[in-house]
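No lab work stands behind these numbers, since they all come straight from the coordinates. Please read all numbers here as calculations on a predicted model, not as lab measurements. Glycine gets a Cβ as well: all are built from the backbone with ideal geometry, and neighbour counts include every protein chain shown.
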Amino acid sequence: MTLARKSAVAKGDKTRDKIKASARELFARYGIDAVTIRDIAAAAGQKNGAAVNYYFRSKDDLINEILDEAASAVDAHRKQLVDDLEKSGREITVREILRILVSRSGSEERDRTRLFTMLQLYRRDLMHTAIPGRWDRAYQRCVAHLRRILPDYPEPILSQRLYFLIPYLWTFLATQEGGEEQAQFWKEFWSDPSAMESLLDTAEGILVVAPSKETLAALSETASSRAAGEAGKDLKGA
């Protein structure tokens, strides 16, 4: 490869990275659906949206690459923490697992946190199709520990609690990572170290509080309805 060709490739890589970084920041701030190709191009210093399509073919391809990178980084960070916890010999508690789930690292962590919050709120389809089975291995290890720690919970209840827990955590973590435009209230709020511990208290409560009699009754009713439905299918099949 000639020197001129190497220079052109390097310039192209820088442009591509700049477009991706700009898109990630815009998605995290305004949400995926609210940001256009033109917005991304302008933020990246490009004349028009053609540059975005040149490097990424489409907005969906750009979104998928950003989500892949963000989810992969989070999964790798959590994996290391789970490995360290399992090797430490310490008791593995609900709170220890929660600390792993809220832990963040890296210079791009602010945008990742806000991006995942936006996805949880407005594009849950992506969170439930792009990540499971690919970038959630460490999360599934955390869930396995929770199932062991909370052995008396009916599986549907634990699954529901986990679905409540994750958006709850990401939403409040996003207020901690607001950047320069963060409201003064949240800056003061998170300056108190007890705020994070209190967040963990409430998150732990989501998981450990015993299911109410109303919840258990509703769960039993759902199970009965499903059993009746399956019995009906068997009769038709017969």
Work out, step by step, the length gained on full extension between D83 and I166: first 0.36 nm times the residue separation, then minus their alpha carbon distance; give nm to one decimal.
27.8 nm
Extension gain, A223 back to V143 (0.36 nm per residue minus Cα-Cα distance, nm)
26.5 nm
Return, for the Cα atoms of segment 65-199, the radius of gyration and Dmax in Å, separated by a comma.
15.3, 45
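Determine the alpha carbon to alpha carbon distance for each of K20/K47; K18/K79; K59/K187; K14/K187 and list only those over 23 Å. Write out the running numbers ahead of the final one.
Working: K20/K47 16 Å; K18/K79 28 Å; K59/K187 33 Å; K14/K187 33 Å.
Checking Cα-Cα distances, K18/K79; K59/K187; K14/K187 exceed 23 Å.
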Extension gain from A210 to R57, taking 0.36 nm per residue of separation minus the Cα-Cα distance:
50.1 nm
Specify the inter-centroid distance of segment 138-171 and segment 183-216, based on alpha-carbon positions, in whole Å.
15 Å
Pair Q184, E65: separation of 7 Å Cα→Cβ label points (nm):
4.1 nm
Using a Förster distance of 35 Å, how high is the FRET efficiency between D192 and K47, based on the Cβ-Cβ distance and rounded to 0.05?
0.15
Which value, in debye to the nearest 20, gives the size of the charge dipole of segment 9-57 about its Cα centre, when Lys and Arg are +1 and Asp and Glu are -1 at the Cβ?
180 debye
